[in-house]
1. Quick check on my filter: what residues within region 110-145 are polar (S, T, N, Q), surrounded by fewer than 19 Cβ atoms within 10 Å (Cβ to Cβ) and in contact with a Leu (Cβ under 9 Å, 6 or more places away or on another chain)?
2. In region 171-196, how many residues are under 15 Å from the mean Cα position of the chain (by Cα), of a type in the set (D, E, K, R) and outside any strand (DSSP E or B)?
3. Go through region 132-160 and give me each residue that's in a loop (DSSP other than H, G, I, E, B), touching a strand residue (DSSP E or B) at 6+ places or on another chain (Cβ under 9 Å) and among the small types (G, A, S).
4. State all residues of region 201-218 that are surrounded by fewer than 17 Cβ atoms within 10 Å (Cβ to Cβ) and part of a loop (DSSP other than H, G, I, E, B); if no residue qualifies, say none.
5. Suppose we keep only residues that are loosely packed, with under 15 Cβ neighbours inside 10 Å and on the phi > 0 side of the Ramachandran plot within region 319-346. Which one would you say is farthest from the chain's Cα centre (by Cα)?
6. Please give the strands (runs of 3 or more DSSP E) falling wholly within region 262-326 in which 1 or more residues are more than 24 Å from N231 (Cα to Cα).
7. Go through F197, F145 for me and flag whichever is among the aromatic types (F, W, Y), under 24 Å from L100 (Cα atoms) and without any contact (Cβ under 8 Å) to a residue 40 or more places away in the chain.
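Each value in this text was obtained by applying a stated rule to the coordinates, not by laboratory testing. All values reported here derive from a predicted model rather than from experimental measurement. Cβ sites come from the backbone with ideal geometry, for glycine too, and all protein chains shown count toward neighbours.
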Amino acid sequence: MVLFSAASILLVLAMSSIVEANTCPKECSCDGRKLTVTCVGKNLTEVPQTIDEITLKLDLRNNNLQELPKGAFSLTPYLTHLTLQRCNILRVKEGAFRSLGRLVSLNLAYNKIDVLYQESFDGLSALKELQLDHNRVEEIRPGAFTQLGFLNMLALTHNQLVYIPNMAFQGLQNIKWLRLSRNSLNNLAPEAFTGLFTLSRLSLDHNELQFFHTQTMSRLPEVTRLDMSHNPMTYLGEESVSMVKLTHLYLDHMSLQDLSDQALSRAPLLSHLDLSHNQLRYLEPLKGPYELKSLNLTGNPLYCNCFMRPLREWARVRNVKLLGACVGPPHLSQEPLQSVAPLDLRCRSRGEVLKEEFELEPTESAPPHSEAQTEREVSGELRLRC
């Protein structure tokens, strides 16, 4: 009886090997234990039809599929992970993924997709991660994501988006991170992000946004991290940022020349603000973000005179860490802002300020001034020059 059982087991194993050998496409390698199929760099023009039905992970990177037809994966309904990077895919037809109700990860990066249609992702009801980086997406049709109710992360970086229309991401009821970096975005519709009640992280860096879209961003009640760096903004006005749960805001490598002292007054939980590598020469103490712990001013042309004293004193009282260094006057050049004592931030004569700060020679020697009078006059000069 024992011998018969052992023989039966050996027979079953042998038959399984034969079945695996018969179902594994000749261009691919298959692992029956892990239920994975790998067909990388085989110049395939269509999805192999002999893949085992119970396959869980399918890797089709570096092929030449060009178009995904309806029912392209109907023979592999149990897939949980599908990789289609670098397959020269131009279009995903309606119903291409309709049978993949168990798929949790789909990678379509480095293809040539230009439009996301309403039916493109039908059937992916369990999907949690969708990567569309490095495509040519320039348009998101209404309802493109309505079937992706469980999606946590959507990556659309390195595409050609110029505008995000109203309700573009409707249906993403569990989204946590939306990545729109490195597009050509110059405008966002007021309702572009409406419905994203679970979104906690938004990346909009490396785009062409020239102002902060206050109305659009206020529709994001749960966002804690917002990256707007590398956009050509020059000014942030009063109450520009109205995001009640925001804790980290990145506005570095922009063109900011001025910032209202109340620009962040409606972001009460903000704790980290990055304003590095802008064009700020002065900054008023900020009103509103009472949880602020770190203010990064590295790479700004900060002129450390009496006009910076209120900010330095504010940071000391609030225990805010200031990052950055002075570019002038000469005796404070390269001095870390955090280590400069408020009393060292003073204004000298009107002629000296104009000479050192604006590199202009005084036309006549100015009589001695009191510090208060000097501050008033220099302030008037700055307003005239602005």
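1. Within region 110-145, S125 is the sole residue that qualifies.
2. 2
3. Listed by number, the list holds a single entry, A144.
4. The answer is E208, Q210, F211, S218.
5. Filtering first and then ranking leaves Q334.
6. Ranges flagged: 321-323.
7. On the way: F197 fails: under 24 Å from L100 (Cα atoms).
Result of the check over F197, F145: F145.
Every residue, every condition in (1) under 18 Å from L256 (Cβ atoms); (2) buried (at least 20 other Cβ atoms within 10 Å of the Cβ), yes or no:
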site: Q279; (1), (2): yes, no
site: L283; (1), (2): yes, yes
site: G288; (1), (2): yes, no
site: L295; (1), (2): yes, yes
site: P301; (1), (2): yes, no
site: P310; (1), (2): no, no
site: R316; (1), (2): no, no
